[in-house]
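The values are calculated or read from the model by the stated rules, or taken from the named source; none is laboratory data. The shown structure was predicted, so the numbers you read here are calculated from the model rather than taken from an experiment. Cβ: placed from backbone, ideal geometry, glycine included. Neighbour counts: every protein chain shown.
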Amino acid sequence: MKIAVLLGGMSEERDVSIASAAQIIPALRNLGHQVFAVDTATGRLNSAQERQLLSGAVAVAPPSDTEIARVRGGALALSPTAFDFRDADVVFLALHGGAGEDGRIQAVLDLAGMAYTGSNHIASAAAMDKELSKRLFRSVGVPTPDWLMAPSTGDAVSVALGWPVVVKPNKQGSTVGLSVVHEAGRLQDAIEEALRFDDEVMLERFIPGREFTVGVLEGVPLPPGEIIAPGEVFDYESKYQTGGAREMFPADIPAAESALIGDYALRAHGVLKLGVYSRVDFRRDNTGAFWCLEANSLPGMTATSLLPQAAKAAGIDFSELLDRICRGAQKKA
Ligand SMILES: Nc1ncnc2c1ncn2[C@@H]1O[C@H](COP(=O)(O)OP(=O)(O)OP(=O)(O)O)[C@@H](O)[C@H]1O
Ligand SMILES: [Mg+2]
């Protein structure tokens, strides 16, 4: 197959996308596919540009505002013709965050009649919007923590949610712009910080306890994994630096609990109408109740990212996972 791998882009998760692509591209080539890379911010890469871009590691923090502005300043509007990938049989989306994950690029590819991996534009948009997702989770009996949307006040938080409270952009990923606020006096600053990344900000009840994630592949939940982050939350640094967090697949929980979050993950995936694969994130409180935080339509895709680890625990190696994702794209088209 001729595969165009779309990567980079202009979101805060640009570096994470490049890290995913750096592993997806050689793995797809090893499977015998003809692969070329397209940065959705700058266009199709020749092999020297590809080598140079894909050799970097994820930094400890997301790209700065200046760096993002630099990429945006030089950016073209994505179009398969202008970007020279009209000839691909499948477009592999190694993108995370922003236009690559929120349905906009999916809509462009639909208009161009191209087969692409992951979920369609409506499901992608719904999954990117945390508030919309949470309303849908509740409609199918998937528990999700109570929330308010900004603007809000310390008094409203005390009454509706209690402290601490999690403040986050409604449409972001990689824990960018998220803070845990312990007192009313710090609430407005946290809202201001989240507003840098999205015009909608969510205040969510903090769930103490353990953290789990469940991958979904072809309508089947993969074995749950547990994430043990060094800090209060699974932040950007602990997500992408080696040794940042301990990740255990399969999670050490009773079979009944695995089955329960597997079922929640399937319902969350289904109600959002997600496609061939996704990853659904949970917290488990100290009473043993599980709370769904969100679903990711384009989760991290290095060989050691969470979804590939979950697949591996189910006996599906990285190459087979990529192969099944590509086949899913062809079938959908
Ligand atoms: N309500 C909550 N209670 C406790 N911790 C939370 C809560 N919401 C978020 N967190 C912590 O912050 C992390 C990121 O939150 P969330 O998954 O909502 O955002 P994200 O930035 O979209 O993540 P991803 O990188 O998975 O796309 C979670 O993995 C968890 O550690
Ligand atoms: Mg998450």
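Remarks
- Entirely in the range 206-251, the strands (runs of 3 or more DSSP E) that have 1 or more residues that are within 28 Å of residue 187 (Cβ to Cβ), within 18 Å of the chain's Cα centre (by Cα) and in contact (Cβ under 8 Å) with a residue 40 or more places away in the chain: 210-217, 225-228
- The set of residues from the range 274-292 being aliphatic (A, V, I, L, M) and either surrounded by fewer than 23 Cβ atoms within 10 Å (Cβ to Cβ) or more than 13 Å from ligand 1 (Cβ to nearest atom) (or both) comprises 274, 276, 289.
- Helices (runs of 4 or more DSSP H) fully within the range 80-182 counting 1 or more residues that are of a type in the set (D, E, K, R) and under 26 Å from residue 59 (Cβ atoms): 98-101, 104-111, 130-139
- Of all residues assigned to the range 295-303, at least one qualifies as being more than 14 Å from ligand 2 (Cβ to nearest atom), under 24 Å from residue 121 (Cα atoms) and assigned to a loop (DSSP other than H, G, I, E, B).
- Evaluation of residue 310 against (1) aliphatic (A, V, I, L, M); (2) more than 11 Å from ligand 1 (Cβ to nearest atom); (3) farther than 22 Å from residue 58 by Cβ (one fails), failing number: (3)
- Residue satisfying all of: in the range 304-333; assigned to a helix (DSSP H, G or I) and free of Cβ contacts under 8 Å to residues at least 60 places away in the same chain; farthest from residue 228 (Cα to Cα) among these: 331
- Test result for residue 180, in contact with a strand residue (DSSP E or B) (Cβ under 7 Å, 6 or more places away or on another chain) and in contact (Cβ under 8 Å) with a residue 60 or more places away in the chain: no
- Residues of the range 220-271 satisfying the condition of being at pLDDT below 95 and away from ligand 2 (no atom under 16 Å from the Cβ): 230, 241, 242, 243
- On the stretch given as the range 152-183, residues that are surrounded by fewer than 19 Cβ atoms within 10 Å (Cβ to Cβ) and among the aliphatic types (A, V, I, L, M) total 4.
- Residue within the range 254-272 that is within 16 Å of residue 218 (Cα to Cα), outside any helix (DSSP H, G or I) and not assigned by TED's automatic domain parsing to the domain that holds residue 173 present: yes
- Residue within the range 36-59 that is touching a Gly at 6+ places or on another chain (Cβ under 6 Å), of a type in the set (Asp, Glu) and not in a loop (DSSP other than H, G, I, E, B) present: yes
- Applying the set (1) more than 16 Å from ligand 2 (Cβ to nearest atom); (2) surrounded by fewer than 18 Cβ atoms within 10 Å (Cβ to Cβ); (3) within 25 Å of residue 166 (Cβ to Cβ) to residue 314 leaves exactly one unmet item: (3).
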